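Taking it in order: structure first as structure tokens, then the write-up.
Each value in this text was obtained by applying a stated rule to the coordinates, not by laboratory testing. Just so we're clear, the structure is a prediction, and the values are computed from it rather than from any experiment. Quick reminder, even Gly has a Cβ in these numbers, built from the backbone with ideal geometry, and neighbours come from all protein chains shown.
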């Protein structure tokens, strides 16, 4: 439909200070196609994300942003093309020219390295906040309860919910739940964090407390891929903005550039409409 | 506006240093309307209970002395023990088969799915009575039961079916397989009630499939599984009496044997009813505590009590 725009992270902020900039990208999305029924939702996506960068995926609903994000930790699998995180092909192992799907048990080990935050928080309602955070480090990583608990308390302090360790998710506000969900993902000490519309289910005044936590994370150098409708957040925090429409990245580049001087008319229309909704 | 201040208060933060309004407070009191109908109902229920008590105490047909003589007699107690043993075993078999079949039905593998559907179709679709008698008479179909290569291959070991299938094993297999089919559907309903986002979040944290099932999905599904399972358990306790057709000496069969000999039908039926009531009561209490355990995290937060 349209020529895909290659997202090249290194074209933004070519700083000599970061030596990793020159190296291989942490996430390489290479020509990813995905079909759902007869509907083609991803049409040959290419995107590189370097370590320490914050990438915002923007675009109208149905553009395939969330699907792309869910492919990165193999919650969904692409039909063609490959995603590499830290050089590892996700959900597959290479066998000569072809890729063979890995059994779920092996995919689980890959997912443990990638944190994910969901639109609906998806905290485990039958576990206390502390249990939510320490379960995976103990069960998946084999950490001792003491080590996991100590880190959990640090993380809770970082998201500003130190006193909620023994509360149950149901008794927390949406904003608090989402901050706990971020702490839970961070407890696994991931290389990469994925955010799937983390503030879409929140009231406007609860949105900011979650965005603040995410800003703190970005400032700390975490590599983040964020699907969001928060244009303001993307403009202020993201290094790279990738705008998607109809399963294709239509525009990709330095966030400030893309979001203030968009080249594609569809990006312009999308931004105009989003900013209008915000007002 | 006398209330302007209060309205402002509601919109703002909670006022500090305010006491709960006492009897002389300006805040209007709210009371329930009188419920005359309830008093009429109380009287009607009281009369009904009094009549039942009167009958129980004065009607000679109940023959309480005979009831108490048999209540703790050896054959009745053996029957009770057999009923408990059979119920527990049948339910354990049912739950294990239920979990396996429910997981098979929910898997994306078409073969597993078809096998599970076939199992549920067959064992839900044939009467338990037929299944029981079938297992009991298995020797008619297969005189020898053994392990080996089918279609005429060598046998590793073999025992006569009449030895392998006692009335107890027949009852256990018949009831257990049938219960497995029903439990499978109950467990499947419970698993379906858990939001898919829970599975995704668990996967995203790196849990392996079995960990996701055991730690995240099953505990939440239990909320929906326990009440109908309690129903099944209590139903099964009484339903084991059907095993009397294969001459198993459970409670009902023991009682029958006695009153067929002594013709003290009514008091012995009361003995059986009392024992079933006692066992069901114990199960109901157990169910309450199990339900409470799996409701952890779902109860409303305990609010600080305002009223003294």
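Some points to look at:
- Footprinting exposure proxy for A:158, A:70, B:35 (fewest neighbouring C-beta atoms within 10 Å first): B:35, A:158, A:70
- Simple spin-label estimate for residue B:19 and residue B:63 in nanometres, 7 Å along Cα-Cβ: 7.0
- Residue order for B:66, B:186, B:282, fewest other beta carbons within 10 angstrom first, comes to B:282, B:66, B:186.
- Test item: A:100-111 mean partner chain Cβ contacts at 10 Å: 3
- Translational D in µm²/s for region B:227-308 (Stokes-Einstein at 4 °C, 1.567 mPa s, Kirkwood Rh from C-alpha pairs): 82
- Computed over region B:9-139, Kirkwood Rh from alpha-carbon pairs, angstrom: 23.7
- For chain B, the C-alpha radius of gyration sits at 1.49 times the compact-globule guess of 2.2 N^0.38 Å, with N the residue count.
- Degrees between helix B:265-294 axis and first principal axis of chain B (Cα, 0 to 90, nearest 10): 60
- Protection proxy ranking of B:285-294, A:246-255, B:214-223, B:261-270 - average other beta-carbon atoms within 10 Å, highest first: A:246-255, B:214-223, B:261-270, B:285-294
- Tail weight of P(r) past 16 Å, computed on alpha-carbon pairs of region B:102-167, percent: 64
- Footprinting exposure proxy for A:104, A:209 (fewest neighbouring C-beta atoms within 10 Å first): A:104, A:209
- Calculated on the alpha-carbon coordinates, the convex hull of chain A measures out at 145 cubic angstrom per residue.
- Taking only alpha carbon atoms, the protein assembly as shown gives an Rg to Rh ratio of 1.11, where Rh is the Kirkwood radius.
- Computed from Cα positions, the angle between helix B:36-58 and the longest principal axis of chain B comes to roughly 40 degrees.
- Most simply put, chain A has about 60% antiparallel DSSP beta bridges, counting only bridges with both residues inside it.
- Computed [θ] at 222 nm, deg cm²/dmol, chain B (DSSP H ≥ 4; -39,500 (n - 2.57); rounded to nearest 500): -22000 deg cm²/dmol
- Within 10 Å of each Cβ in A:66-73, the average number of Cβ atoms from other chains: 1
- Two-decimal log10 I(q)/I(0) for region A:234-279, as the Debye equation yields it once each C-alpha is a single scatterer, q = 0.19 Å⁻¹: -0.55
- For the peptide A:116-128, the mean number of other protein chain Cβ atoms found within 10 angstrom of a residue's Cβ is 6.
- P(r) tail, region A:146-268: Cα-Cα pairs separated by more than 21 Å, 44% of all pairs.
- Using C-alpha pairs below 8 Å separated by at least 6 residues, the relative contact order for region A:123-189 is 48 percent.
- Dividing the summed helix terms, -39500 (n - 2.57) for each DSSP H run of n ≥ 4, by the number of residues in chain A produces a 222 nm estimate of -10500 deg cm²/dmol to the nearest 500.
- Look at the alpha carbon pairs under 8 Å that are at least 6 residues apart: their mean separation over the length of chain B gives a relative contact order of 24 percent.
- Each Cα pair under 8 Å and six or more residues apart adds its separation to the average, and for chain A the resulting relative contact order is 26 percent.
- Seen against the Cα atoms of chain B and their longest principal axis, helix B:110-125 is set at about 80 degrees.
- Protection proxy ranking, highest mean first, for peptides A:222-233, A:260-271, B:49-60: A:222-233, A:260-271, B:49-60, where packing is the per-residue count of other beta-carbon atoms within 10 Å, averaged.
- Debye-sum result for region A:123-189 in log10 I(q)/I(0), which assumes one identical scatterer on each alpha carbon, at q = 0.11, 0.18, 0.21, 0.23 Å⁻¹: -0.20, -0.54, -0.74, -0.89
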